Amino acid sequence: MTYRFDFSWLLTYWPVLVKGAAITVQLILVGALLGVALGIACAWVRSLGPRWLRPVAGAYVELIRNTPFLIQLFFIFFGLPSLGVQMSELQAANLAMIVNLGAYSGEIIRAGIEATPRGQFEAGASLAMTRFETFRHVVLLPALQRIWPALSSQVVIVMLGSAVVSQIAAEDLTFSANFIQSRTFRAFETYFVSTAFYLALALALRQALRGVGNALFARRAAP
Amino acid sequence: MMEFSTWDILRNLLLAARWTVLLSLVSFVGGGLLGVALLFLRIGRGALGRRFAKGYIELLQSTPLLMQLFLAFFGLGLFGIDVPAWLAAGAALILWTAAFLAEIWRGCVDAVAKGQWEASSSLGMGYVQQMRHVILPQALRVAVPPTVGFSVQVVKGTALTSIIGFVELSKAGTVVTNATFQPFTVYGLVALIYFALCWPLSKSSQILERKLHVAHRHH
Amino acid sequence: MSLIAITEVRKRFGSVEVLKGINLDVARGEVVAIIGRSGSGKSTLLRCVNGLESIDDGSIMVAGAQLLPDDLHLKALRLKVGMIFQQFNLFPHLSAGRNVMLSQMVVKKTPKDEAEAMARRMLDRVGLGHKFDAYPDQLSGGQQQRVAIARALAMQPMALLCDEITSALDPELVNEVLAVVKELAAEGMTLLMVTHEMRFARDVCDRVVFMHQGRVHETGPPDEVFGRPRTPELQQFLGAQL
């Protein structure tokens with residue numbers, strides 16, 4: 001094979017990659033925060049919420065988990081405007097990630113809630129707490145702690161999946177890579193380097209989530 | 001301008017969905033075979049093989065499938081051949097599927113209780129015999145539900161191949177949208193077709209999982 | 001007027017009737033032990049009094065608060081009776097002190113410093129003032145149960161329900177919990193307790209209720225119930241306990 005690798009373009013274009021990576025980080029920060037919040041709400045509805053709402057949350061979870069993220073993204077960005085909902089590329093990407101992670105994390109968190117011993121609910125009730133107060137103060141944190149590793153993996157999966165938001169021209173890391181390779185015609189090298197960026201992001205994100213978990217579930221000293 | 005009825009749209013999408021199904025099957029079977037090889041490296045006794053398999057799995061699980069597709073597409077192109085999209089798509093999906101399946105199956109082998117290893121060692125079995133007669137048969141039972149569950153990820157993963165130009169359901173969705181200017185309907189239908197493909201798999205995975213739990217409790 | 005009034009209470013699980021018309025009144029300051037075989041319905045009765053189980057018929061009143069299945073009535077009832085469980089049910093993610101503070105702050109909206117002061121008082125009362133910052137898994141079973149008692153007391157209930165509170169404890173830890181209960185009884189707390197500790201029931205209780213097959217079968221002061229059981233079922237039950 002006569003191909004000669006050339007990475008000299010990096011000298012000129014690395015700021016473009018960094019800018020794209022920053023957008024990817026922004027996407028996953030917003031997506032993770034709001035997505036997990038949506039997941040908690042969804043898990044609450046499905047395991048403890050009003051009965052009439054449970055099938056609605058169930059349908060949402062099933063629908064999202066059984067369709068590709070790319071199609072969810074296209075539906076939100078191209079489909080919703082015909083209903084009069086206009087949004088920017090980044091807003092659509094954010095929304096799609098929140099909705100996607102909401103469904104997955106909802107299912108994961110539900111498993112954590114359902115593993116709660118019955119006695120915890122009864123203790124809360126016997127102390128005159130409402131069902132919601134018991135959920136909020138007694139059940140939620142240990143439930144999250146139980147499923148934190150699975151939840152962390154899912155957040156990383158959603159971050160990696162966010163590469164497709166470049167397809168609606170959200171200017172993320174992949175978008176930067178596409179832009180660079182269209183200028184340099186060094187496609188393989190460009191995607192190789194951006195893959196390394198994603199790898200670094202994934203490792204950093206895993207580490208960060210471990211840190212968040214440690215902080216969240218740390219035993220607190222006297223109040 | 002030509003008028004498209006919903007039926008026209010649906011028919012075009014369904015025709016393209018055949019390719020989604022075919023690519024899914026190829027990726028799942030190919031990935032499964034490669035996954036078995038990886039699994040044996042991963043749980044085998046060669047330190048080098050173990051490290052390679054571990055690195056491979058982590059690498060493919062920590063980078064976007066889309067990047068892997070690009071690298072397969074342009075990487076194969078480095079050999080000077082004109083790479084058809086289906087080849088890059090198939091190759092990347094097989095490599096990707098293999099990593100995930102190998103990791104799922106490793107978890108299943110790990111789940112077989114430590115006592116089983118000890119018991120079979122105490123009976124004088126060698127490593128291969130232990131694997132063949134004691135560990136794998138038990139791991140296999142546990143492995144079925146998550147394996148079926150992962151097939152859903154494979155079907156959804158094929159959607160990304162549209163980005164490197166393979167014409168399957170998602171690509172057809174984009175083409176039909178451009179022709180009809182009805183993104184809401186078209187992508188809605190595309191989603192429903194994916195759902196029709198994936199949901200039975202998800203559901204059977206759940207049912208198998210539940211059966212397994214019940215079986216365990218009665219033992 | 002009695003503090004707890006249980007009138008003609010019936011409870012069914014599916015086709016099985018576990019409570020077949022229970023009548024039981026507990027006066028303020030009275031200490032009542034419920035004894036009986038497992039399956040006699042004694043734990044179910046206790047759980048009904050705190051609204052953890054709904055009742056199918058009859059009524060339960062605690063200091064004028066009636067057991068009704070809506071949140072408002074349940075809350076009013078539960079503010080009047082505390083409950084101690086067999087399995088302690090401490091909140092594992094909170095320290096002992098926080099366990100005692102939580103419901104004061106959430107339910108009664110007590111300011112934090114007041115809740116903390118109350119928690120320290122209650123933990124002192126059960127002899128665990130020095131364990132304020134310990135987490136449940138750092139405590140022995142007996143200590144956990146004493147924290148659970150402190151937690152219930154911090155809500156200042158008019159009565160305490162104790163559901164086999166020493167059954168999950170190692171024998172050597174039973175006495176430290178019973179000592180706390182005994183002290184509460186001496187201070188005039190109203191107690192309704194399901195127990196297997198016959199000696200304790202005899203020493204501390206004002207009245208013993210023997211339940212059999214979902215009914216109150218025999219009741220009276222401990223001397224009578226233990227010394228001169230009238231029915232063959234109670235005789236047989238007490239015989240099996242020896």
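The values are calculated or read from the model by the stated rules, or taken from the named source; none is laboratory data. This one's a predicted model, so the numbers in the text were calculated from it and none came from an experiment. Every residue, glycine as well, gets a Cβ built from its backbone with ideal geometry; the counts of neighbours run over all protein chains shown.
Residues B:Ile104, B:Ile81, B:Ile94: which one is within 14 Å of chain A (Cβ to nearest Cβ), over 23 Å from A:Gln181 (Cα atoms) and of a type in the set (A, V, I, L, M, F, W, C)? Spell out the reasoning first.
Details: B:Ile81 fails: over 23 Å from A:Gln181 (Cα atoms); B:Ile94 fails: within 14 Å of chain A (Cβ to nearest Cβ).
Just one listed residue meets the conditions, B:Ile104.
Taken over segment B:1-48, the criterion of being basic (Lys, Arg) and not in a helix (DSSP H, G or I) is satisfied by B:Arg45 alone.
Within segment B:166-174, can one find any residue that is modelled with pLDDT of 95 or more, in contact with a helix residue (DSSP H, G or I) (Cβ under 9 Å, 6 or more places away or on another chain) and among the aromatic types (Phe, Trp, Tyr)? Break it down into steps so the answer makes sense when it comes.
Filtering segment B:166-174 down to residues modelled with pLDDT of 95 or more leaves none.
No, segment B:166-174 contains no residue that is modelled with pLDDT of 95 or more, in contact with a helix residue (DSSP H, G or I) (Cβ under 9 Å, 6 or more places away or on another chain) and among the aromatic types (Phe, Trp, Tyr).
Taking the criterion of being closer than 22 Å to C:Ile35 by Cβ and not in a loop (DSSP other than H, G, I, E, B), the residues of segment C:153-170 that qualify are C:Ala159, C:Leu160, C:Leu161, C:Cys162, C:Asp163. If you go through segment C:26-73 and keep only what is at pLDDT below 90 and among the charged types (D, E, K, R), you end up with C:Asp70, C:Asp71.
Residues in segment B:185-198 that are under 18 Å from the mean Cα position of the chain (by Cα), within 7 Å of chain A (Cβ to nearest Cβ) and of a type in the set (A, V, I, L, M, F, W, C): B:Phe195, B:Cys198.
Name the single residue, out of those in segment C:1-25 being in a loop (DSSP other than H, G, I, E, B) and closer than 21 Å to C:Met83 by Cα, that is modelled with the highest pLDDT. So, considering only residues that are in a loop (DSSP other than H, G, I, E, B) and closer than 21 Å to C:Met83 by Cα, the one modelled with the highest pLDDT is C:Leu3. For segment C:31-135, the helices (runs of 4 or more DSSP H) that sit wholly inside it and include 3 or more residues that are within 11 Å of chain A (Cβ to nearest Cβ) and not aliphatic (A, V, I, L, M) are C:71-80, C:96-107, C:112-125. Evaluation of A:Gln154 against the conditions (1) buried (at least 19 other Cβ atoms within 10 Å of the Cβ); (2) touching a Phe, Trp or Tyr at 6+ places or on another chain (Cβ under 7 Å); (3) within 14 Å of chain C (Cβ to nearest Cβ) shows that the sole unmet condition is (3).
Scanning segment B:35-60 for residues that are out of contact with any Lys or Arg (no Cβ under 8 Å at 6 or more places or on another chain) and within 21 Å of B:Ala91 (Cβ to Cβ) yields a count of 10.
When A:Phe74 is tested against (1) modelled with pLDDT of 95 or more; (2) within 14 Å of chain B (Cβ to nearest Cβ); (3) assigned to a loop (DSSP other than H, G, I, E, B), just one condition goes unmet, and that condition is (3). Note on segment B:122-162: among residues that are of a type in the set (Ser, Thr, Tyr) and over 19 Å from the mean Cα position of the chain (by Cα), the one that is farthest from B:Leu65 (Cα to Cα) is B:Ser122.
Each row is one residue, and each column tells you yes or no for (1) surrounded by fewer than 14 Cβ atoms within 10 Å (Cβ to Cβ); (2) within 17 Å of B:Ser151 (Cβ to Cβ); (3) not β-branched (Val, Ile, Thr).
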site	(1), (2), (3)
B:Leu10	no, no, yes
B:Leu23	no, yes, yes
B:Gly55	yes, no, yes
B:Met67	no, no, yes
B:Ala72	no, no, yes
B:Asp82	yes, no, yes
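Scanning segment C:158-190 for residues that are crowded, with 22+ Cβ neighbours inside 10 Å and in contact (Cβ under 8 Å) with a residue 60 or more places away in the chain returns C:Ala159, C:Leu160, C:Leu161, C:Cys162, C:Asp163, C:Ile165, C:Thr190. The residues in segment C:116-142 that are touching a residue at least 24 places away in the same chain (Cβ under 8 Å) and either under 20 Å from A:Pro142 (Cβ atoms) or crowded, with 19+ Cβ neighbours inside 10 Å (or both) can be counted, and the count is 16. Taking (1) over 14 Å from the mean Cα position of the chain (by Cα); (2) outside any loop (DSSP other than H, G, I, E, B); (3) modelled with pLDDT of 95 or more in turn, C:Gln145 satisfies each apart from (1). Being more than 12 Å from every other protein chain (Cβ to nearest Cβ), crowded, with 23+ Cβ neighbours inside 10 Å and part of a helix (DSSP H, G or I) holds for only one residue in A:Ser176, A:Ser194, and it is A:Ser176.
Return yes when B:Ser151 is part of a helix (DSSP H, G or I), surrounded by 14 or more Cβ atoms within 10 Å (Cβ to Cβ) and at pLDDT below 90 and no when it is not. Judged against the criteria, B:Ser151 is not a match.
For the condition within 12 Å of chain A (Cβ to nearest Cβ) and either within 27 Å of A:Tyr104 (Cα to Cα) or crowded, with 20+ Cβ neighbours inside 10 Å (or both), what is the one hit in B:Leu201, B:Leu212?
Numbers: B:Leu212 fails: within 12 Å of chain A (Cβ to nearest Cβ).
From the options B:Leu201, B:Leu212, the qualifying one is B:Leu201.
Residues in segment B:126-143: is at least one more than 12 Å from chain A (Cβ to nearest Cβ), buried (at least 20 other Cβ atoms within 10 Å of the Cβ) and outside any helix (DSSP H, G or I)? No, there is no match, as no residue in segment B:126-143 is more than 12 Å from chain A (Cβ to nearest Cβ), buried (at least 20 other Cβ atoms within 10 Å of the Cβ) and outside any helix (DSSP H, G or I).
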